[in-house]
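Report on the following structure.
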Amino acid sequence: MSRELLETLFFMAVGYLAGSMLFGRILPKYFKDMDIEEISEDHNPGTANVMKYAGVPLGILCLVLDIGKGYLPVLWAAGVVEPMRLLFAGIMVAPILGHAFPCWREGRGGKAIAVSFGVLLGVLRYSGSVWLLAVLYLFFSLVFVVRPNERRSVYTFVLFGIVSAVFLFLGGLPGICVGNMLIAGVVARRNWADARFGQRAEEKWEQERTKDA
């Protein structure tokens, strides 16, 4: 087994383990004895639910940690494994897999949005993919508004993956472009069930608004 492959497997393991630390579940439980998954409507241990039920300060801390657990392992790995190498794609997707499908919870993880931004920030020196993802999210949030949030995430990440494939075809860094595509696939898969594609967005939004009223 080559040294490069061993290094890649090491950083994938580090990224997966870091990603599987669900701060949206851990922090409210530790500081407020609150089970976010149990009390939230979508049962998602994510930043939005922490802000809503446990308070903005704790939610911001959760956001920073979720971004950090994607950012730090990938930034560290980029100094050892060249991002242009195809193997680097596995390093990029590892924290997202850990967050979305943690093995210690039988695959019951979060939606993996914040950690995705963290991973892309980790390769900002080599790629501006994080800005593409941010622009797509803003487009589907403010211009062509898509609801519910899970459907918006599916649209955003699928388009993100398609654009990344185009960049790969045009000569983009293979490791990062394929990494983007893998991230897009995992996040779209994780959000697909709650996107309710068999139900009109307006009907779903009305149901959510009625529940919140």
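The values are calculated or read from the model by the stated rules, or taken from the named source; none is laboratory data. It should be emphasised that the depicted structure is a prediction, and the values quoted were computed from it without experimental measurement. Glycine gets a Cβ as well: all are built from the backbone with ideal geometry, and neighbour counts include every protein chain shown. Keep in mind that these areas ignore ligands, DNA and RNA; they rest on the heavy atoms of the full protein, side chains included. Shrake-Rupley method; radii C 1.70, N 1.55, O 1.52, S 1.80 Å.
Can you check what the net charge comes to around Arg3, using other residues whose Cβ is under 14 Å from the Cβ of Arg3 (Lys, Arg +1; Asp, Glu -1)?
-2
At 1.4 Å probe size, with the rest of the protein present, what percent of the exposed accessible area of segment 46-90 is carbon and sulfur atoms?
77
With θ taken as phi - 60° and the coefficients 6.51, -1.76 and 1.60, list the Karplus ³J(HN,Hα) couplings across segment 141-154 in order, rounded to whole Hz; mark glycine and proline as x.
Going residue by residue, I get 9, 10, 9, 9, 6, 10, 9, x, 4, 5, 5, 4, 5, 4 Hz, with x marking Gly and Pro.
Hey, how many Å between the Cα centroid of segment 44-109 and the Cα centroid of segment 139-155?
Segment 44-109 and segment 139-155 have Cα centres spaced 21 Å from each other.
Below 10 angstrom from the Cβ of Phe101, what's the summed charge of the other residues (Lys, Arg +1; Asp, Glu -1)?
+3
Tabulate in residue order the Karplus-calculated ³J(HN,Hα) for segment 40-51, using 6.51 cos²θ - 1.76 cosθ + 1.60 with θ = phi - 60°, rounded to whole Hz; enter x for Gly and Pro.
7, 5, 9, 6, 9, x, x, 4, 4, 5, 5, 4
From the phi of every residue in segment 6-11, what ³J(HN,Hα) in whole Hz does the Karplus formula 6.51 cos²θ - 1.76 cosθ + 1.60 yield, where θ is phi - 60° and glycine or proline is x?
Each residue's phi maps through the Karplus curve to give 4, 4, 4, 4, 4, 5 Hz.
For the chain, set up a Gaussian network in which alpha carbons nearer than 10 Å are linked by springs, and say which option among Leu132, Leu97, Leu22 fluctuates the most.
In the Gaussian network model the winner is Leu132.
So with the 1.4 Å probe, I'd like the accessible area per residue for the chain, rounded to whole Å².
52
For the chain, with a Gaussian network of springs between Cα atoms less than 10 Å apart, report the residue from Gly175, Gly55, Gly110 with the top mean-square fluctuation.
Looking only at Gly175, Gly55, Gly110, the biggest GNM fluctuation is shown by Gly55.
Over the chain, with a Gaussian network built from C-alpha contacts below 10 Å, which listed residue (Pro83, Pro28, Pro73) shows the highest mean-square fluctuation?
Result for the chain, Cα springs under 10 Å: Pro28 fluctuates most.
Which shape class, rounded, prolate or oblate, goes with the chain when its Cα gyration tensor gives a ≥ b ≥ c as root eigenvalues, a/c under 1.5 marks rounded, and past that a/b bigger than b/c marks prolate?
Working: a/c = 2.14, a/b = 1.36, b/c = 1.58.
Cα axes put the chain in the oblate bin.
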